[in-house]
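Remarks on the structure that follows.
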Amino acid sequence: MNKTLKVTLISLFVGLITLQAKADDSKVVGKVCKAAVASMFGRDHKTMKLDKIADGVAYVHYIRPDDNSRWAVKCKLDGDRVIWASNNADNSKRWRTDPLDDVVKYSIKDTVLTITQVFTDGSSSSDEYKLTGL
């Protein structure tokens, strides 16, 4: 095999791995956002609907059964942190990154996604979700 062919094959292989990683990242941000919204708002994760993923941001909504109102949230990942903002027309859509905001983190071990909220008083709560159910 000549040198040019080897370089071309290696480049193609690296490109395929990169595309797969981006596809996997896209799936992860959608699943993490659905689980985080369910956890933060005390809702069943099965009611979370992924609308789209664009530029690393997942757009999720759910219908609140009490009054049939639509609640929309957008999320992005920063390391192990879930950064979120309301995505409703009547809200500020402010990303929750202020030091006075609660911190939402995620971790994945095997097939389990854990969402942990660290509240401003130092307390925390965690919820676990099977990745296959999101």
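The values are calculated or read from the model by the stated rules, or taken from the named source; none is laboratory data. Bear in mind the structure is a predicted one, so any value in this text is a computation, not a measurement. Reconstructed Cβ throughout: ideal geometry from the backbone, glycine too, with neighbour counts over all protein chains shown. Surface accessibility is based on the protein's heavy atoms, side chains included, excluding ligands, DNA and RNA. Shrake-Rupley method; radii C 1.70, N 1.55, O 1.52, S 1.80 Å.
Structure notes:
- Rotationally averaged projected area of segment 38-134 (alpha carbon convex hull; nm²): 7.0 nm²
- Distant-in-sequence amide contacts of ASN87, defined by a placed amide H-H separation under 5 Å and a gap of 5 or more residues or a different chain, comprise ALA72, VAL73, LYS74.
- Rounded, prolate or oblate (a/c below 1.5 giving rounded, otherwise prolate when a/b exceeds b/c) for segment 77-123 by Cα gyration tensor: oblate
- Length gained on full extension, LYS46 to SER124, computed as 0.36 nm times the residue gap minus the Cα-Cα distance: 25.8 nm.
- The accessible-area ordering, largest first, of the residues LEU131, LEU113, LEU100 stands as LEU100, LEU131, LEU113, per a 1.4 angstrom probe.
- In segment 48-97, the alpha-carbon atoms span a convex hull of 92 Å³ per residue.
- In segment 27-112, Cα pairs under 8 Å separated by at least six residues give a relative contact order of 20 percent.
- Annotation for THR132 and ARG64: the two label points, set 7 Å from Cα along the Cα-Cβ direction, are 3.4 nm apart.
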